[in-house]
1. Report the extension gain between ASP66 and ILE46 in nm, rounded to one decimal, defined as 0.36 nm multiplied by the number of residues separating them, less their alpha carbon distance.
2. Which of the aspartates and glutamates could a cross-linker bridge to LYS29, judged by Cα under 19 Å and excluding same-chain residues fewer than eight apart?
3. Any lysines with Cα under 22 Å of the LYS93 Cα? List them, leaving off those in the same chain fewer than 8 positions away.
4. If I build a Gaussian network model for the chain, linking alpha-carbon pairs within less than 10 angstrom, which residue out of ALA61, ALA71, ALA50 has the largest mean-square fluctuation?
5. I need LEU14, LEU97 ordered by Cβ neighbour count within 10 Å, fewest first.
6. Order these by the 10 Å Cβ neighbour count, fewest first: LEU24, LEU42.
7. Among residues other than PRO90 whose Cβ falls under 15 Å from its Cβ, what is the net charge (Lys/Arg +1, Asp/Glu -1)?
8. Say we join alpha carbon atoms closer than 10 Å with springs in a Gaussian network model of the chain; which of LYS84, LYS63, LYS29 then has the biggest fluctuation?
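Bear in mind that the values in this text are calculations on the coordinates, not laboratory data. Just so it is clear, the structure is predicted and the values come from calculations on it, not from any experiment. As a convention, Cβ positions derive from the backbone with ideal geometry for all residues, glycine included, and neighbour counts pool all protein chains shown.
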Amino acid sequence: MRQVACLSENGRLLVFPLDELKRLPTGGKGVILMGLDAKEHLRCAIAFGAAGISYSGLGRAGKPTDTLLDAKTLKGFAGNRARKGHLVDPRLKEARLKAINN
């Protein structure tokens, strides 16, 4: 099952099923992927499969860190589209997500 992972600048992660994204025949005006606080931005949004995602960025003292988030771990971040999500631990600077391919 394909899912979408959204990461905010403040380190919150939200995972929801891809089928929650609606497609309008005339295009529409956009869709809210994740609820954000004022002046907060969406850092990354990706579609991924059963293999999970890689969460990487700079940790303490600018040390590069890469963490694999499997399906079991991602269940803790599951929710409905347009919700705020939960904080990811550890919090990384310049964090990004990457889909893991089988």
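1. Difference between extended and current length: 5.5 nm.
2. ASP19, GLU20
3. Answer for LYS93, where 22 Å is the Cα cut-off: LYS39, LYS63, LYS84, listed by chain and number.
4. Highest fluctuation among the options: ALA61.
5. LEU97, LEU14
6. If I rank by nearby Cβ atoms, fewest first, I get LEU24, LEU42.
7. For residues surrounding PRO90, the net value is +3.
8. LYS29
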